[in-house]
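My questions all concern the structure below.
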Amino acid sequence: MLEIANKELKVMPEKITIQAGKLQVPDNPIIPYIEGDGTGPDIWNASRQVIDAAVEKTYGGKRRIEWMEIFAGEKAFNLKGTWLPDETVEAIREYIVAIKGPLTTPVGGGVRSINVTLRQVLDLFACVRPVKWIKGVPSPMVNPHWVDVVIFRENNEDIYAGIEWERGSEKLQKVATFLREEMSCEIPEDAGIGIKYMGQRASERIMRKAMNYAVENNRKVVTIVHKGNIMKYTEGAFKKWCYDLAKTEYANLIVTEEELSKYGGKVPEGKILVNDRIADNMFQQLILRSNEYELLVCPNLNGDYISDAAAALVGGLGMAPGGNISDHLALFEATHGTAPKYAGLDKVNPGSLLLSAVMMLEYMGWKEAAEVIEKALGQAILDKKVTYDLARYIEGAEELKSSEFARAIIERMA
Ligand code: NAP
């Protein structure tokens, strides 16, 4: 039990819980945070000030977040001799909603990416990445206001499951011999081998996550993104399982593109259109006809590529939020890395972490506070008071430090 009495509220902070399958958020929830490596502390400090100010502004002291630091990455290694202490994983499990800055991926020594490990041990199967243009942010698009999609990327399977063998290794020889002799596969002598697998359960649950989001947020198009024309039994099966799930569990709510001819080519009132696009086509569709897409459901690798490509359309990774979510557990995070060359300079854009906090507040049902941040952030950008990454593309912009940008946002909270 965390022994911090919240003096202003005169109550003990409480945990977020799950009751009857629903998130129960007290007025003074304890939320664990990992500040992150490199530029992590700069963007965390800036973001935290903005979040606290927005909650205070919105709820006038009735609600408040009690932040609890947990450790991962370099700070954990220096303090506790391990990159990802068990207690950090347990705290996220116990407190249900958490937020993190970027973490260094340890190089060599067989240490896996901390981000990937967190997703796998906590079974955070859905990587959710909203991509929406904020007015005033420099964009390479002619119509950046068309971009408003949420990407649902399956997080655990596909080629990212980490099953691969190095060229020349003993294990590779075993696998290659099996494939050549038992399966009649032609494997070049100089190749490494990786395994791509995709399962029905994982495909169904990412589709379910997207469908539920569409229903709850009044979204009208859900697009399955796949490369099933080439990889029939993995990506092709993903497409089939996603369609089957939508047709079975959301039968009354959806119409598929195939069925549209029955309705004169128009989506009937109140229905969600479920369609699919081959991944390479999806990339160009997103650039040329982004107004036709709302939610994208992707296998791991496609989702990884398309998330960053989509972010580039609306200002790049400095402004791209994300969350890794299981049925209930949710870990929100800046989507960029630690940008080590700027560490400690109070320079980089806290926008990605801050917008991830907006997602977190929405997830908690604190939508009013989320809106206050979004509006104030938008106003600071319109007023051309921005960090270096945006300032370099906005004529007449005033370049602010991370902390100054936070203050500029707070000053604009209505
Ligand atoms: P990076 O840290 O994302 O930085 C690449 C470039 O992106 C920066 O030099 C900067 O570009 C721009 N950038 C990143 N964050 C920004 C911000 N907040 N504001 C403005 N610009 C920003 O990528 P990296 O250098 O490839 O990776 C560094 C470390 O981060 C590695 O250890 C990597 O494994 C790790 N990483 C962690 C995560 C995560 O924790 N989720 C994700 C990716 C990478 P300019 O110099 O052009 O301004």
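Derivation of every value follows stated rules applied to the coordinates shown; laboratory data play no part. Just so it is clear, the structure is predicted and the values come from calculations on it, not from any experiment. Using ideal geometry, Cβ is built from the backbone for each residue, glycine included, and neighbour counts are taken over all protein chains shown.
Residues of the stretch 65-81 with backbone nitrogen within less than 20 Å of a virtual label 7 Å along the Cα-to-Cβ line of His328, please, listed as ranges.
Label zone hits: 66, 68.
Right, next: May I ask you to sort Lys385, Lys80 by Cβ crowding, counting other Cβ atoms within 10 Å and putting the fewest first?
Details: Lys385 22, Lys80 15.
Listed from fewest to most nearby Cβ atoms, that is Lys80, Lys385.
Counting other beta carbons within 10 Å of each residue's own, what order do His336, His145 fall into, fewest first? List each step's numbers first, then the result.
Working: His336 24, His145 14.
By the 10 Å Cβ count, ascending, the order reads His145, His336.
Kindly express, to the nearest 10 degrees and within the range 0 to 90, the angle between helix 86-95's C-alpha long axis and the longest C-alpha principal axis of the chain.
The helix 86-95 is inclined about 80 degrees to the chain.
For the stretch 241-298, count the residues as N, evaluate 2.2 N^0.38 Å, and divide the Cα radius of gyration by that value, please. Present the calculation step by step, with values, prior to reporting the outcome.
On the way: Rg = 12.2 Å, N = 58, 2.2 N^0.38 = 10.3 Å.
After normalising by residue count via 2.2 N^0.38 Å, the value is 1.18.
Still on this model: Provide the packing ranking of 185-196, 156-167, i.e. peptides ordered by the mean count of other C-beta atoms within 10 Å per residue, highest first.
Numbers: 185-196: 11.4, 156-167: 16.2.
For the peptides 185-196, 156-167, the packing ranking is 156-167, 185-196.
Next up: Could you pull out the pairs from Lys196/Lys240; Lys174/Lys196; Lys196/Lys232; Lys75/Lys132 whose alpha carbons sit more than 21 Å apart here?
On the way: Lys196/Lys240 17 Å; Lys174/Lys196 18 Å; Lys196/Lys232 12 Å; Lys75/Lys132 33 Å.
In this structure, Lys75/Lys132 lie more than 21 Å apart at Cα.
At q = 0.15, 0.16, 0.27, 0.29 Å⁻¹, what log₁₀ I(q)/I(0) does the stretch 8-61 have when each alpha carbon counts as one equal point scatterer in the Debye sum?
Scattering profile of the stretch 8-61, log10 relative to I(0): -0.60, -0.67, -1.08, -1.11.
Which FRET efficiency value, to the nearest 0.05, is calculated for Lys266 and Thr82 with the Förster distance at 56 angstrom and r the Cβ-Cβ distance? Write out the running numbers ahead of the final one.
Working: r = 57 Å, r/R0 = 1.02.
Given R0 = 56 Å and the Cβ-Cβ separation, E is 0.45.
Measure off 7 Å from each Cα along the Cα-to-Cβ vector at Met141 and Ile163, then give the distance between these two points in nanometres to one decimal.
In this crude label model, Met141 to Ile163 measures out at 3.8 nm.
OK, next. I need the peptides 369-381, 42-54 ranked by packing, meaning the mean over residues of other C-beta atoms within 10 angstrom, with the highest value on top.
In decreasing order of mean packing, 369-381, 42-54 become 42-54, 369-381.
For a label point 7 Å from the Cα of Ser113 along Cα→C-beta, name the residues of the stretch 173-214 whose backbone N is under 18 Å from it.
Flagged as within label range: 194-198.
In nm², what is the average projected area of the convex hull enclosing the Cα atoms of the chain?
On the way: hull surface 94.2 nm².
Average of the hull's projected areas for the chain equals 23.5 nm².
If you line up the long axis of helix 279-288 against the longest principal axis of the chain, both from Cα atoms, how many degrees apart are they, to the nearest 10?
Approximately 40 degrees, to the nearest ten.
On to the next question. Just need the Rg to Rh number for the stretch 178-265, please, alpha carbons only, Kirkwood Rh. Numbers along the way, then the final one.
Numbers: Rg = 17.7 Å, Rh = 15.5 Å.
In the stretch 178-265, Rg relative to Rh is 1.15.
Fully extended, how many nm does the chain gain between Met68 and Ile195 (0.36 nm per residue separation, minus their Cα-Cα distance)? Can you show the working numbers first?
Details: separation 127, 0.36 × 127 = 45.72 nm, distance 3.91 nm.
Roughly 41.8 nm would be gained on extension.
Moving on to the next point. Taking Cα atoms, how many degrees apart are the long axis of helix 402-411 and the longest axis of the chain, rounded to 10 and kept between 0 and 90?
70 degrees
Let me ask something else about it. How big is the shadow of the Cα convex hull of the stretch 1-155, averaged over all directions, in nm²? Spell out each step's value before the answer.
On the way: hull surface 50.1 nm².
Approximately 12.5 nm², given one-decimal rounding.
So, one more: Based on the mean of other beta carbon atoms within 10 Å per residue, what is the order of 264-271, 328-335, most packed first? Intermediate results must be reported in sequence, preceding the final value.
Values: 264-271: 10.6, 328-335: 23.0.
Highest-to-lowest ranking by the protection proxy: 328-335, 264-271.
Quick one: length gained pulling Glu395 to Ala343 fully straight, 0.36 nm per residue minus the C-alpha distance? Don't skip to the end; give the middle numbers.
On the way: separation 52, 0.36 × 52 = 18.72 nm, distance 2.62 nm.
Extending this stretch completely gives an extra 16.1 nm.
Based only on Cα atoms, what Rg/Rh ratio does the stretch 318-393 have, Rh being taken as Kirkwood's radius? Walk me through the numbers before you get to the answer.
Numbers: Rg = 13.6 Å, Rh = 13.5 Å.
With Rg and the Kirkwood Rh in hand, the quotient comes to 1.01.
In nm, what is the difference between 0.36 nm times the number of residues separating Asn217 and Lys232 and their Cα-Cα distance? Let's see the in-between values first.
Numbers: separation 15, 0.36 × 15 = 5.40 nm, distance 3.21 nm.
That pair, Asn217 and Lys232, stretches by 2.2 nm at full extension.
Okay, next question. For a Förster distance of 60 Å, can you work out the FRET efficiency between the beta-carbons of Lys384 and Cys185, rounded to the nearest 0.05?
Working: r = 58 Å, r/R0 = 0.97.
Computed FRET efficiency for Lys384 and Cys185 comes out at 0.55.
Same structure, new question: Say the cut-off is 22 Å between C-alpha atoms; which of Lys367/Lys401; Lys220/Lys262; Lys15/Lys62 go over it?
Where the Cα-Cα span goes over 22 Å, the pairs concerned are Lys367/Lys401.
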